[in-house]
Amino acid sequence: MGKEFNKVLYDLDSFVYGKSLYPVKLKNGLEIGGGLILPELNFTLPNMLFNESTFPKVIEQYRSIIDEACKRAVELSVPGFVAEVELLPDATYRPEWGIEITKVVREVMYEYEQKHQLKSGLRLTPVDIREDLNSEHMWHGEFWDKIMRIFEEGAKAGADFLSIESIGGKDVHDEAIMYCNIKQSIFGLGVLGCMDMKRLWGSITEIAEKTGTVSAGDTACGFANTAMVLADRGYIPKVFAAVIRVLAVVRSLVAYEEGAVGPHKDCGYEGVYIKAITGTPISMEGKTSACAHLSPVGNIAAAVADLWSNESVQNLKLLGGMAPTVYMEQLAYDCRLMNTATKKGHSAVLLLRDLLTDSDSYYDPQAYVLRPDVVLKLSAEILKGKDHFERTKLAGLAAIRVLREAYENKEVLISEREVPWLDMLQNEIESIPADVNVFTQEMIEGNTSAKFEPKKYDL
Amino acid sequence: MGKEFNKVLYDLDSFVYGKSLYPVKLKNGLEIGGGLILPELNFTLPNMLFNESTFPKVIEQYRSIIDEACKRAVELSVPGFVAEVELLPDATYRPEWGIEITKVVREVMYEYEQKHQLKSGLRLTPVDIREDLNSEHMWHGEFWDKIMRIFEEGAKAGADFLSIESIGGKDVHDEAIMYCNIKQSIFGLGVLGCMDMKRLWGSITEIAEKTGTVSAGDTACGFANTAMVLADRGYIPKVFAAVIRVLAVVRSLVAYEEGAVGPHKDCGYEGVYIKAITGTPISMEGKTSACAHLSPVGNIAAAVADLWSNESVQNLKLLGGMAPTVYMEQLAYDCRLMNTATKKGHSAVLLLRDLLTDSDSYYDPQAYVLRPDVVLKLSAEILKGKDHFERTKLAGLAAIRVLREAYENKEVLISEREVPWLDMLQNEIESIPADVNVFTQEMIEGNTSAKFEPKKYDL
Amino acid sequence: MQELLNKIAIGIEKGNKKAVLEDVQAALDANIKVESIMNDGLIKGMEELGAKWKRNEVFVPEVLIAARTLTAALEAIKPILAQQGVKPKGKAVIGTVKGDLHDIGKNLVKMMMVGAGFEVVDLGVDVSEAKFIEALEENQPDILLLSALLTTTMPQQKAVIDAITAAQLRDKVKIMVGGAPVTQEFADEIGADAYTQDAASAAERAVKFVS
Amino acid sequence: MQELLNKIAIGIEKGNKKAVLEDVQAALDANIKVESIMNDGLIKGMEELGAKWKRNEVFVPEVLIAARTLTAALEAIKPILAQQGVKPKGKAVIGTVKGDLHDIGKNLVKMMMVGAGFEVVDLGVDVSEAKFIEALEENQPDILLLSALLTTTMPQQKAVIDAITAAQLRDKVKIMVGGAPVTQEFADEIGADAYTQDAASAAERAVKFVS
Ligand SMILES: [Zn+2]
Ligand SMILES: [Zn+2]
Ligand SMILES: [Zn+2]
């Protein structure tokens, strides 16, 4: 580890939305986690071709999306916001496209800052094209270079926050989810994922320092959110998805060990743990990201968030306006309500936080593990581990224990057919060897995922 | 007047969301205003042809919309909801189509009630085709008959609540809005509108009684919401739109004088006054109806609502699912939060209500006039009038007075260029003759709206 | 002379019909060229109001009253304009398509078109293909504007364009479409010449078509 | 005999590969017709699991393991099936289109297709038009399934269909499309034969194409 995190930084009374121990402040004064919860707007193209000849249209889409959204933000007196430019694969494979998009979007944002005092920041998120079948290695080669080039030149083009949904370990984890194989999942997140995060976020932080931008953080989206979506459809047990979420904490934490300072990325619901452990601000998404995916954590996700995001919405025309504008409005009102409580005083904040929490946490184990009190408790358990591997195993065991207790106390709804999974998962985790090298060897030998190639990780 | 309403029924402490003095209960046990705030889901077709040959596709659209929305409602443990079938013109001009749509939608809802104990009710809202250029009279003829046929046969086909966005007086009011002519507006709402509401709602209530359904209520959508949308774009003063909202109270109240019992219709923001005066439950829409129109009342609209609606969304595919399903989820979480406060106790409800209120009321005069305290105060002023005409004038004057005071006390933001409008509007209202017949004669003689034909109102 | 033209411009801005009509007569009596009265007086007043509109300094009623005043003044000098062969900036026909009774959006566009110097023929709402074609034949406009506010009446915009094509009038007129559910993509798909998001940009776009 | 076939069916349901392979061998040894082993044992077990799936009684891993077992058992009796001219219910080729690396949705569909008795050739992700055509020529499938999860890779589904048409293979295969942003309307537009919302209904639809 670089920076070490060994204790939980909040008690339940101070663990609230909008406020974090170590806020992030941009040069223009926009502050995340400094007291207000702010919208983080996300958007993507409608169904259209993305190529050389359509690129002017692509640019015009991005320009008009951000222009209309900023206009509405001004009309609603939004005190500040973050826009995430989550690049499509095409714009990552051709870094100059991604950089051009960044530049155009940021320019519109600057314009609104000058003309209307609307403070904002841009989060730049290339897609992790190391997942490409032709990628030869995780930490060097063409695909790695392109990502780093986007960060570096995107920073110069105006990006403020650098983020990525990185995929180290996903090569084994996709299969782990389909087979609900928790050992494989721990290998993907707690071994491969952590190894990769270390290299990746070391490099991103270096670029952030060099360019005067913010190394913001990652998300275990491809791991835990994939599980969440499958669980939501009844494909895999919800308790499995809940445990994966907690496992993901250790992996996402590595970015901060390597120098990231937040805000953690919106679709990483494990961010609440990151906040508890690092004191950095986090972005979260819930009901107002239903446009991107349904979820069982619509309200509770906001309980300790510092940015509130809609995750992604196509630039489609709804009756009320273009969808990104509509979602800007919805996020603005959500945040306005929460900030009004802040103005009213701490007890109002606590009440609202608890209402958000209590409204969801009974209905789904995935919501339950996001309860602020549970987060603080589990974080402490996780930090007892001496390294990533041990912490990941502890995370799984502690999550299972907490869910079992909550089920017995009727604090959470777990369907009967899922209950036996708690024991099954526990037994599996307990069967994992103590030595990470032995475990790694075992997992490599027993590997059935065609996508996983140990040598890409120098294994 | 039929039933008379002469006093305000709530004090500020008892005027809250989810609970009304006279809840409406369906045979299946679904209760509106009985303690819980529930979603009211609205939806419309995507861009498509609606004719003989596409009708099977139309039906399939409606069937799949409600099926997917119900499925999600079950998954989110929604305790009950209302679906509004707001018929398109085609389905009103051909009543058998509207009735068939009603039947198909209601059947799916029954199915979910039987299989999953999801209680729901259907609000049937034909479009008011009396606006058709060929309509010869407001209260008889082909168009009137079609509307009444839809109510009657729609009731038999499964509709539970009968509603309409009626347009009596809109023929002069469209022009009143464009020219910000408050006298003409009072004529449209306080004279023509009230005359028409009396006839219309007398008939609807009769049908409701005959068919065992609920005479639910109207909305001044075509009047006050049109003004709101224009004000939102900066086309007309916000203070004008705010005053129109309060004028609309008297007109929308007529439905209740004629026997309607609620829930008042979602897009009638004047419903908060209806609730204060009649004790019937109301439907409201706010941030989660941004899909249908942006608004300055995203949070405050929920403060005393009994149903919480998304107003309208096309059946488009968003990344998270079909848009109506996405909005069902968003409404469900909004309601869940509010109902969790109710479970926590009355002081939590009051706090949440006040947060919803205070978060919006400063930013826009249209939000300010929806403040629960303001609503109670203005309602008392309105009820001092002895008839619809006098009440409408009092509504306007009282709204102007309250806005002026609030502006002076810095409780509401009114842009400088709008401030003089308060005096201008007041002077105009004060110049209106006391005698309604004199006023009517004056307005008919000075009429410049090509659409208004006095003989349609027997004038 | 300049003073009188300025007065006319200000009269338009204020929507003072009586004063404008008197001043226009005075200008004619003073032998000021009718073209100059139109461009440097009437239209100029409207342009200045348009600039204020863009800066959010005026509301719709003010623009409407000015537009009404402009129309009355142009009507008054119409015979002289015709005599001297002076033409308006352009001619437009506007209407809301069949099955759709929405009025206000169309009226706003009409107002901005008049303000931009167009002579506008308003067919009202619920207008059939046949009526649009009849109006094209009768008025020979430069621009046709079609409004639709419902997802189910949008296809009617296509029907109108198809009927115009079938009547072999398509190349004689630029067709613009608008309304809440309409998009650029849809406009392209149905072969419209332009789509704009709001009334002000519709008029701006229309001006480009005739200049 | 019935007992043994039942045992095979239950073995499939439980995903007990070893037992199934042994029981299949025993059935062959007992001269039970290979067609019967397939239909009344292997496929029946899968069907029963499918019914449980529909009633939300099993999760994906259980179905996957059963499907894996089924594949192994079919592989074991393949030579005999071929010898006796018994064919699988149908053959399918599946892949995620070029530019798109999404895997899991496709895998779910593949699983349900195998479960429904199809022989499935999985081309993986990021598959070019050329690769799809090559696979069609090589495998001559009844069904081709194209997955796309991004709004910007949806058009690639059209590109694949166009390429297949150009290669004059379009009438030899039914093409199904799917993925989060895909709609029935889009499927119609690009000339696909079917679109379904989820993996289970995809397999059901595919069965209709071959029966
Ligand atoms: Zn994500
Ligand atoms: Zn309405
Ligand atoms: Zn409505």
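Can you give the local net charge around A:Asn47? Use residues other than it whose beta-carbon is closer than 12 angstrom to its beta-carbon, Lys and Arg +1, Asp and Glu -1.
-1
Please say if chain B is rounded, prolate or oblate, where rounded means a/c under 1.5 for a ≥ b ≥ c the square roots of the C-alpha gyration tensor eigenvalues, and otherwise the choice is prolate for a/b larger than b/c and oblate otherwise?
Note, shape of chain B comes out oblate.
When we measure straight from the Cα of C:Lys78, which aspartates and glutamates land under 13 angstrom away, once same-chain ones fewer than 8 places off are left out?
Counting by Cα, and skipping residues close in sequence, C:Lys78 has these aspartates and glutamates nearby: C:Glu35, C:Glu119.
Dipole magnitude of the range C:90-210 about its Cα centre, charges +1 at Lys/Arg Cβ and -1 at Asp/Glu Cβ only, in debye to the nearest 20?
Taking the Cα centre of the range C:90-210 as origin, the dipole is about 140 debye.
Quick check: the distance between the Cα centres of the range D:1-70 and the range A:324-368, to the nearest angstrom?
50
If you put a point 7 Å past Cα along the Cβ direction, how far is that point for A:Glu405 from the same point in each other copy, in nm, smallest first?
Taking the point 7 Å beyond Cα along Cα→Cβ, the inter-copy spacings are 5.4 nm.
Along the Cα→Cβ direction, 7 angstrom out, place labels at D:Val210 and C:Ser36. What is the inter-label distance in nm?
8.7
Other chains' Cβ within 10 Å of A:172-178 residues: what's the mean?
3
If the elastic network links every pair of Cα atoms under 10 Å, which of C:Asp171, C:Asp126, C:Asp23 fluctuates the most in the Gaussian network model of chain C?
C:Asp171
Consider a paramagnetic label point 7 Å from the Cα of B:Ser77 along Cα→Cβ; state which residues of the range B:27-45 have an amide N under 18 Å from it.
Residues B:36-39 fall inside that zone.
Given the DSSP H assignment, sum -39500 (n - 2.57) over each helix run of at least 4 residues in the protein assembly as shown and divide by its residue total; what's the result at 222 nm in deg cm²/dmol, nearest 500?
Calculated from helices alone, the mean residue ellipticity at 222 nm is -16000 deg cm²/dmol.
Any idea which of B:Leu397, B:Leu307, B:Gly121 is furthest toward the positive side of the dipole for the protein assembly as shown, if Lys and Arg beta-carbons carry +1 and Asp and Glu beta-carbons -1?
Working it through, the farthest residue towards the positive pole turns out to be B:Leu397.
Between B:Asn427 and A:Glu142, what is the spin-label point distance in nm, taking each point 7 Å from the Cα along the Cα→C-beta axis?
Taking the two extended label points, one gets 7.5 nm.
Work through the residues other than A:Pro263 whose Cβ is under 13 Å from its Cβ and net out their charges, Lys, Arg +1 and Asp, Glu -1.
Charge balance near A:Pro263 sits at -3.
Once you keep just the Cα pairs under 8 angstrom separated by 6 or more residues, what percentage relative contact order results for the range B:20-83?
For the range B:20-83, the relative contact order is 38 percent.
Compute the label zone of A:Leu459 within the range A:256-284: residues whose backbone N is under 20 Å from the point 7 Å along Cα-to-Cβ.
Correct set: none at all.
Hydropathy first: keep DSSP H helices in chain D averaging at least 0.0 on Kyte-Doolittle, then drop any whose Cα extent along the axis falls short of 27 Å, and list what survives.
Result, helices passing both filters: D:60-83.
Under a point-charge model restricted to the Cβ atoms of Lys and Arg (+1) and Asp and Glu (-1), what is the dipole moment magnitude of chain B relative to its Cα centre, in debye to the nearest 20?
In total the dipole reaches around 1000 debye.
Which Cα, out of A:Phe43, A:Met138, A:Pro281, lies furthest along the positive dipole direction of chain A (beta carbon charges, K/R +1, D/E -1)?
Result: A:Pro281, furthest along the dipole toward the positive end.
Quick one: ranking C:Ile133, C:Ile65, B:Ile182 by accessible area, 1.4 Å probe, largest first, what do you get?
The residues order as C:Ile65, C:Ile133, B:Ile182, largest area first.
Consider the operator that turns chain C into chain D: which C residue has a Cβ nearest its axis, and what is that gap in Å?
Spelled out, residue of C and its Cβ distance from the axis onto D: C:Glu189, 5.
Would you mind putting C:78-88, B:69-79 in packing order, based on average other-beta-carbon counts within 10 Å, highest first?
In descending order of packing, they fall as B:69-79, C:78-88.
Leaving ligands and nucleic acids out of the surface, order B:His293, C:His102 by accessible area at 1.4 Å, largest first.
Sorted by accessible area, descending: C:His102, B:His293.
May I ask which residue of D:Thr69, D:Leu5, D:Met46 lies farthest towards the positive end of the charge dipole of chain D, with charges of +1 (Lys, Arg) and -1 (Asp, Glu) on Cβ and the Cα centre as origin?
D:Leu5
Past 29 Å, Cα to Cα: identify those pairs from C:Lys87/C:Lys110; B:Lys156/B:Lys393; C:Lys14/C:Lys89; A:Lys455/D:Lys106, in the order given.
Cα-Cα > 29 Å for B:Lys156/B:Lys393; rest within.
Around B:Thr44, which amide H atoms from residues at least 5 apart in sequence, or from another chain, sit under 5 Å from its own amide H, with H modelled in the peptide plane?
Correct list: B:Val313, B:Gln314, B:Asn315.
Taking the Cα centre of the protein assembly as shown as the origin, how large is its charge dipole in debye, to the nearest 20, when only Lys and Arg (+1) and Asp and Glu (-1) carry charge on their Cβ atoms?
It comes to approximately 1180 debye.
If you look at just the Cα atoms of the protein assembly as shown, how large are its Rg and its Dmax in Å?
32.8, 119
Counting only other chains, and only Cβ atoms inside 10 Å, what mean value do you get across the residues of B:288-300?
Mean shielding count: 6.
Please give the net charge around B:Ala157, taking every other residue with its beta carbon less than 12 angstrom from that of B:Ala157, where Lys and Arg add +1 and Asp and Glu add -1.
Here the charged neighbours net out to -2.
Counting DSSP beta bridges in chain B, what percent are antiparallel, to the nearest 5?
Percentage antiparallel, nearest 5: 20.
Just grab the label-to-label distance for D:Glu57 and D:Lys131, each label 7 Å out from Cα along the Cβ direction, in nm (one decimal).
3.9
How far, in nm to one decimal, is A:Tyr22 from itself in the other copies if the label point is set 7 angstrom along Cα toward Cβ? Shortest first, please.
Result, one decimal in nm: 6.1.
For chain B, list the DSSP H helices whose alpha carbon atoms reach 24 Å or more along the long axis and whose average Kyte-Doolittle value is 0.5 or above?
Answer set is B:238-257.
So for the protein assembly as shown: antiparallel DSSP bridges make up what percent, rounded to the nearest 5?
Antiparallel: roughly 10 percent of the beta bridges in the protein assembly as shown.
Would the range D:90-210 count as rounded, prolate or oblate if I go by the C-alpha gyration tensor, calling it rounded below 1.5 in a/c and otherwise prolate when a/b exceeds b/c, oblate otherwise?
Taking the square roots of the gyration eigenvalues as a ≥ b ≥ c, the range D:90-210 is rounded.
Evaluate peptide A:320-326: per residue, the Cβ atoms of other protein chains within 10 Å of its Cβ; return the mean as an integer.
Mean inter-chain Cβ contacts per residue within 10 Å come to 5.
For the range C:1-84, what's the relative contact order in percent, using C-alpha pairs closer than 8 Å and at least 6 residues apart?
41
Quick one: label points 7 angstrom along Cα→Cβ at B:Arg417, distances to the other copies in nm, smallest first?
B:Arg417 label point versus its equivalents elsewhere: 6.3 nm.
Whole angstrom only: what separates the Cα centroid of the range B:386-459 from the Cα centroid of the range B:1-49?
The two parts, judged by their Cα centres, are 29 Å apart.
The values are calculated or read from the model by the stated rules, or taken from the named source; none is laboratory data. Remember, predicted model here, so these are calculated numbers, not experimental data. As a convention, Cβ positions derive from the backbone with ideal geometry for all residues, glycine included, and neighbour counts pool all protein chains shown. For the accessible areas, the whole protein counts, side chains as well, though only heavy atoms, and no ligand, DNA or RNA atoms are used. Shrake-Rupley method; radii C 1.70, N 1.55, O 1.52, S 1.80 Å.
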